[in-house]
């Protein structure tokens with residue numbers, strides 16, 4: 001999906017959603033891939049509208065696999081950040 005498609009969808013939704021929501025400024029976020037941390041924010045948020053539940057479930061399962069595959073890298077990253085913080089605190 002390119003930007004023009006997103007703008008077209010946004011214009012369409014701007015015409016419909018104000019009938020159901022009393023907000024002056026509705027923000028739209030299009031998530032295409034497993035963009036960390038935005039995917040995690042999407043999945044944890046209670047304020048979302050799901051237009052295609054099947055695609056959402058596919059996304060949820062895909063993100064779970066992505067997160068599971070990435071877990072060892074996150075452990076290493078967190079250990080490195082902790083080590084850098086310890087070094088920084090020792091030097092100050």
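The values are calculated or read from the model by the stated rules, or taken from the named source; none is laboratory data. Note that the structure is predicted; figures quoted are calculated from it, not measured. Reconstructed Cβ throughout: ideal geometry from the backbone, glycine too, with neighbour counts over all protein chains shown.
For segment 7-47, residues that are surrounded by fewer than 10 Cβ atoms within 10 Å (Cβ to Cβ) and either modelled with pLDDT of 85 or more or at positive phi (or both) total 3. Residues in segment 68-87: is at least one in a helix (DSSP H, G or I), surrounded by 10 or more Cβ atoms within 10 Å (Cβ to Cβ) and touching a helix residue (DSSP H, G or I) at 6+ places or on another chain (Cβ under 7 Å)? No, segment 68-87 contains no residue that is in a helix (DSSP H, G or I), surrounded by 10 or more Cβ atoms within 10 Å (Cβ to Cβ) and touching a helix residue (DSSP H, G or I) at 6+ places or on another chain (Cβ under 7 Å).
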